[in-house]
Amino acid sequence: MWYSGMQLLDTEVDFDSSVAQAVPGLADGHCQRCGQSALVQLPSGDYYCPHCINLGRVTSRTTLYRFPAPQLPSVEWPLTWKGQLTAQQTAVAAALVASLQAGRDHLLWAVTGAGKTEILFPAIATVLAAGGRVGVAAPRLDVVRELAPRLQVAFAHTAMAIRYGGAPWPQRTVALTVLTTHQLLRYHQAFDLLVIDENDAFPFAHDPALWHAVSAASRGPKLWLSATPPTRLRQAAQRGTMGLSILARRFHGHPLPVPRIRIQALHLPQRIAPQLIRQLQQILMTHQCLLFVPDIAWLAPLTQQLQTAITTAIAGVHAADAQRAEKVAAFRQGRLRLLVTTTILERGVTIPRCAVVVLGADSARFDAAALIQMAGRAGRSADSPDDPVWFYARHDTLALHQAIRTIRQLNAR
Ligand SMILES: [Zn+2]
């Protein structure tokens, strides 16, 4: 039963569909895969769903095959992780298990660097031990790629699959699936526990099909993880329909560095002002530096100017960069001192003495959640909890103030 819990198109794979439940792709004016109703008519008179088309077209002639996901045999406690949770992490982990056992969703509102992944382990182990199926979904492929090996080490004897666009089809029965949030659209009533990680990250927050996918793919409680939860989750937690844990402290117990805003007329990316160069030089005397920019077009001109102006190892990297892994590794090892980047580094990566500078912090591409995530790359090590964070902007924006207010609120808890 390799496709347990999946819903697949007749065109998708060679499979024995006799065990699957066949449903029409479109019914009652809704797409049965993504739940959306804005269907489009084809010249033939048939309809199709444009919303989930990147997973293969669902038309009025499509059959969706929903494969059952029977309980698996129960197993001995499957957690092979040998690390230790702090007292605070242990309390939160216990609260997650309590919600799970009450059949209730739970929101874990945790600052970056609080050790969120490890806190999940007891809840995941509880479900796996009872023969349940667990899904861990994250919006971005790089997060999936970073999470999967950590989970495989923590559950070394558990069969696991990784699902993303273009991944090979599962070739065995699995109990644990790590997948991009979009791939949830390929599942139906599949997961006894579904973890939704970083649910505030683009594109999840604004896509109703993904909210639909989360509820259609799961048949048990959901654990939502976020550093900046969307309003609908906060409200559900306040009403008590969902459990809530807030982890305002990093594992080392120090508060988050509060970003400083510098409002300045910078002519970026064409020309880096001398005072910005001086500030970067000063930072680099004591720290490595992550320099975030809002636009990939800024990378080459800025990297070039900085390489000319500052005599240290500098590189630029973006999410789709073919050398991304090498550059990030070089930065982690300290061989690169300054990294100009459009992308947020993998979680769980702690670089001691790492400053963060955000240029174009007033860009519409940076909402408060993104600003908090970027700032959260600093101060992660117990050796340097107060690494500097600077937001450079031409104008004050609401997002800048929301970000700083949220960080202060978390620090005040
Ligand atoms: Zn659809």
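The values are calculated or read from the model by the stated rules, or taken from the named source; none is laboratory data. Quick caveat, the model's predicted, so the values are computed rather than measured. When we count neighbours, we look across all protein chains shown, and the Cβ atoms used for this are built from the backbone with ideal geometry, even at glycine.
When you look at Asp14, is it without any contact (Cβ under 8 Å) to a residue 24 or more places away in the chain, surrounded by fewer than 20 Cβ atoms within 10 Å (Cβ to Cβ) and over 24 Å from Arg219 (Cα atoms), yes or no? For Asp14, the condition - without any contact (Cβ under 8 Å) to a residue 24 or more places away in the chain, surrounded by fewer than 20 Cβ atoms within 10 Å (Cβ to Cβ) and over 24 Å from Arg219 (Cα atoms) - is met.
Sort out which residues of segment 299-327 are out of contact with any strand residue (DSSP E or B) (no Cβ under 8 Å at 6 or more places or on another chain) and either in a helix (DSSP H, G or I) or buried (at least 18 other Cβ atoms within 10 Å of the Cβ) (or both), and write them in order of number. Listed by number, the residues that qualify are Pro301, Gln304, Gln305, Thr308, Ala309, Asp321, Ala325, Glu326.
Under the condition of being touching a helix residue (DSSP H, G or I) at 6+ places or on another chain (Cβ under 9 Å) and either under 13 Å from Glu118 (Cβ atoms) or in a loop (DSSP other than H, G, I, E, B) (or both), the residues counted in segment 85-99 number 6.
Looking at this structure, is Gln36 in contact with a His (Cβ under 8 Å, 6 or more places away or on another chain) and either closer than 30 Å to Val153 by Cα or more than 10 Å from the ligand (Cβ to nearest atom) (or both)? Here the answer is no, as Gln36 does not meet what is asked.
At least 2 residues being surrounded by fewer than 16 Cβ atoms within 10 Å (Cβ to Cβ) and in contact with a strand residue (DSSP E or B) (Cβ under 8 Å, 6 or more places away or on another chain) is the threshold, and among the strands (runs of 3 or more DSSP E) wholly inside segment 205-289 those reaching it are 260-263.
Scanning segment 38-67 for residues that are more than 18 Å from Gln7 (Cβ to Cβ) and either in contact (Cβ under 8 Å) with a residue 60 or more places away in the chain or small (Gly, Ala, Ser) (or both) yields Ala38, Ser44, Gly45. The set of residues in segment 48-80 being within 15 Å of the ligand (Cβ to nearest atom) and either under 28 Å from the mean Cα position of the chain (by Cα) or at positive phi (or both) consists of Cys49, Pro50, His51, Cys52, Ile53, Asn54, Leu55, Gly56, Arg57, Val58, Arg66.
Let's see how each residue does on (1) in the same structural domain as Gly56 (by TED's automatic domain parsing); (2) under 24 Å from Gly376 (Cβ atoms); (3) within 15 Å of the chain's Cα centre (by Cα):
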| site | (1), (2), (3) |
| --- | --- |
| Asp192 | no, no, no |
| Leu223 | no, yes, yes |
| Ser226 | no, yes, yes |
| Arg234 | no, yes, no |
